[in-house]
Amino acid sequence: MTDIAIIGEIMLELSPLSGRNFALGISGDTYNSACTLAGLDINTTYITSLGEGQSAEIIRLDARQRKIHLLEPEAVINKSPGLYMISNDASGERFFEYWRSDSAAKALFNNEDLLLPLLKQVESHDCIYLTGITLALMSETCRMMFTLFLVDYRNQGGKVIFDPNYRPKLWVNKVTAIKAIDEFLSTVDVYLPGYEEEEILFSATSTENAVKRLLTIEAKEIVVKNGPQNCFLITKQQVENIKITPSKNVIDTTGAGDTFNGGYISARLTGLTAKDAIEFGAKSASQVLSIKGGVLQPTQLSKLKKSLTSMFNSTKNK
């Protein structure tokens, strides 16, 4: 069985019901992906810190129920999980307010003495996955330490999977973000950007322009998510434009990219080709688009498991 380690922050989510009433949820970009991976029977370890208190215990229970193994520092960090609140304008567009600057996860990602022992516990995992959000939460010292750890990890055969998932409010400025992400790409094996990040961070003026830049980076497998119509697959200096079927029942776009990533990675770890994994990732994303929230429901995951098994068996019989 393939093991994956994910490094990130799990947050509490307040989503509006009516008036001043809100529903309490549990989310976070890498956590949404982790829920998909674990729900598709990939052994999933999640490195984070939740701190202490009732909110931390609520998240720990949710992770246990989803069969996600949480890996936290032995020394309890006297802080709480981050929190964000969703609001909507008249057209339904979503806006977010965050309270995460003093979260337990951020404290962990700014303390190399706490973070490094956790990383050493996943040295034998086949893959490590993170996003630019995790990178942004790290201090520069921790980023340097983490990069050195990944060099050794990859030398031992491990693969690093990375989605830049750029969030401007988490970075001091865009220049800092560009520098950190660009430098980090030298440690990445599988890169999963969205085209909009190529536009914002690397001044792409077209998908062709973005592809030209991406052909120069070291990652051996690159999937550029380009909205509901297509993805670009770049492998071994070859580029394929992979058409996908747009979802016809979009209720909420929350977690679509995260779920695509979870589906894509699950498919690749199961043994599908990158092209077939894109198809499965898109199918996974279309499922989360049809519900409120960024995490797939058990019935959806059950259907996706059957679909993944069917796709794998079909490739074996070819």
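Please treat every number below as a calculation from the coordinates, not as lab data. As the structure is a computational prediction, the values presented were derived from the model and not from experiment. Positions of Cβ are generated from backbone atoms using ideal geometry, with glycine treated the same way; all protein chains shown enter the neighbour counts.
Where does each of ARG20, ARG64 land when they are ranked from fewest to most other beta-carbon atoms within 10 angstrom?
Placing the least packed residue first, the sequence is ARG20, ARG64.
Can you tell which of ILE222, ILE181, ILE265 shows the greatest fluctuation in a Gaussian network model of the chain with Cα springs below 10 Å?
Top of the fluctuation ranking is ILE181.
Would you work out which of SER307, ILE59, GLY158 lies farthest towards the positive end of the dipole of the chain? Charges go on Cβ: Lys and Arg +1, Asp and Glu -1.
The residue sitting most towards the positive pole is SER307.
Taking the Cα of SER290, stepping 7 Å toward and past its beta carbon, and measuring to each backbone N in segment 242-269: which are under 15 Å?
Answer for segment 242-269: 245-253.
Express the relative contact order of the chain as a whole percentage, based on alpha carbon pairs under 8 Å and six or more residues apart in sequence.
So the answer I get is 15 percent.
For Cα pairs less than 8 Å apart in space and 6+ apart in sequence, what is the mean separation divided by the residue count of segment 163-220, i.e. the relative contact order in percent?
On the way: 39 pairs, mean separation 24.1, N = 58.
With pairs under 8 Å counted, the relative contact order is 42 percent.
Per residue of segment 121-138, what does 6.51 cos²θ - 1.76 cosθ + 1.60 with θ = phi - 60° give for ³J(HN,Hα)? Whole Hz please, x for Gly and Pro, Karplus curve as stated.
Residue by residue, segment 121-138 yields 6, 10, 4, 8, 5, 5, 9, 10, 10, 7, 10, x, 5, 4, 4, 5, 6, 7 Hz.
Roughly what would the spin-label model give for VAL250 and ASN313, points 7 Å off Cα along C-beta, in nm?
3.4
State the extension gain, in nm to one decimal, for the chain segment bounded by VAL239 and GLN54, taking 0.36 nm per residue of separation less the distance between their alpha-carbons.
Once the chain is fully extended between VAL239 and GLN54, it gains 61.7 nm.
Test of the criteria: in segment 192-252, which GluC sites (Glu not before Pro) are in a DSSP loop and have at most 13 other Cβ atoms within 10 angstrom of their Cβ?
Of the GluC sites (Glu not before Pro), the ones in loops of segment 192-252 whose Cβ has at most 13 other Cβ atoms within 10 Å are GLU218.
Counting only residues 5 or more places away or on other chains, whose amide H sits under 5 Å from the amide H of GLY28 once H atoms are built in the peptide plane?
Amide H neighbours of GLY28: MET11.
Filter the cross-link list LYS212/LYS236; LYS120/LYS316; LYS179/LYS275 down to pairs whose alpha-carbon distance in this structure exceeds 24 Å.
The answer is LYS120/LYS316; LYS179/LYS275.
Go ahead and set up a Gaussian network model of the chain, Cα springs under 10 Å, then flag whichever of GLN229, GLN300, GLN238 fluctuates most.
Among GLN229, GLN300, GLN238, the largest GNM mean-square fluctuation belongs to GLN238.
Under the Karplus relation 6.51 cos²θ - 1.76 cosθ + 1.60, θ = phi - 60°, what is the ordered set of whole-Hz ³J(HN,Hα) values for segment 17-23, x standing for Gly and Pro?
Listing the rounded values in order: 9, 7, x, 9, 8, 10, 9 Hz.
Using alpha-carbon positions, what is the distance between the centroids of segment 204-234 and segment 246-298, in Å?
A separation of 19 Å, based on Cα centres.
In debye, nearest 20, what is the charge dipole magnitude of segment 175-279 about its Cα centre with +1 on Lys and Arg Cβ and -1 on Asp and Glu Cβ, if you could check?
That gives segment 175-279 a dipole magnitude of about 260 debye.
Who wins for biggest fluctuation among ILE47, ILE68, ILE178 in a Gaussian network model of the chain, springs between alpha carbons below 10 Å?
ILE178
Which of the lysines could be linked to LYS292 by a straight reach, that is with a Cα gap under 26 Å, when you skip same-chain ones fewer than 8 residues away?
LYS67, LYS169, LYS225, LYS243, LYS248, LYS283, LYS303, LYS305, LYS306
Counting helices only, and only those DSSP H runs with n ≥ 4, report the 222 nm mean residue ellipticity of the chain as the sum of -39,500 (n - 2.57) divided by its residues, in deg cm²/dmol to the nearest 500.
That comes out to -13000 deg cm²/dmol.
Length gain on complete extension for the stretch GLN297 to ARG213, per 0.36 nm per residue less the alpha carbon to alpha carbon distance?
Gain in length upon complete extension: 26.5 nm.
Would you be so kind as to identify which of CYS231, ALA274, ASN261 lies farthest towards the positive end of the dipole of segment 228-318, taking Lys and Arg as +1 and Asp and Glu as -1 on Cβ and the Cα centre as origin?
ALA274
Hey, rough spin-label estimate for LEU61 and LYS169, points 7 angstrom out along Cα→Cβ, what's it come to in nanometres?
2.8
With charges set only on the Cβ (+1 for Lys and Arg, -1 for Asp and Glu), what does the dipole of segment 234-295 come to about its Cα centre, in debye to the nearest 20?
Result for segment 234-295 is approximately 80 debye, rounded to the nearest 20.
Over segment 134-203, calculate the relative contact order: mean separation of alpha carbon pairs under 8 Å at least 6 apart, over the residue count, as a percent.
Once normalised by length, the contact order is 39 percent.
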